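Right, one structure below, let's go through it.
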Amino acid sequence: MTFTEKIQTVFFWKKSVQIIIPFFIVLVIISLLFNSFSSVISFNLTEIKSQNFENGKWKIFFSTKVIISILYGVWVAHKNIN
């Protein structure tokens with residue numbers, strides 16, 4: 001089955017979403033740990049917000065994670081569905 005045939009099935013997209021959502025959550029958590037580890041450990045939410053989400057930083061923060069998660073989910077689903 002080719003890639004274009006696979007992406008036309010509902011099963012493919014269900015599997016993709018099952019991969020995309022957990023991967024996105026894990027990616028966000030890991031990114032927050034890398035970007036502001038000390039603030040996360042001390043649970044300083046205002047510092048985490050200012051470092052990662054204020055002044056339009058949230059657009060870049062989340063857009064890259066969404067794109068990476070979608071690409072990864074589609075790729076893994078494609079590789080695992082025969």
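The values are calculated or read from the model by the stated rules, or taken from the named source; none is laboratory data. Note that the coordinates shown come from a computational prediction; the quantities given were computed from them, not determined experimentally. Here the Cβ positions follow ideal geometry from the backbone for every residue, glycine too, while neighbour counts run over all protein chains shown.
I'm checking my understanding of the structure. Among residues of the range 8-52 that are outside any helix (DSSP H, G or I) and surrounded by fewer than 14 Cβ atoms within 10 Å (Cβ to Cβ), which one is farthest from the chain's Cα centre (by Cα)?
In this case the residue turns out to be Ser42.
Using the structure shown, decide if Val26 is among the aliphatic types (A, V, I, L, M), modelled with pLDDT under 95 and at negative phi.
Answer is no for this residue.
Take the residues in the range 21-37 that are of a type in the set (S, T, N, Q) and in contact with a Phe, Trp or Tyr (Cβ under 9 Å, 6 or more places away or on another chain); name whichever of them is farthest from Ala77 (Cα to Cα).
Asn35
Residues that are in contact with a helix residue (DSSP H, G or I) (Cβ under 9 Å, 6 or more places away or on another chain), part of a helix (DSSP H, G or I) and charged (D, E, K, R): does the range 60-68 have at least one?
There is at least one residue in the range 60-68 that is in contact with a helix residue (DSSP H, G or I) (Cβ under 9 Å, 6 or more places away or on another chain), part of a helix (DSSP H, G or I) and charged (D, E, K, R).
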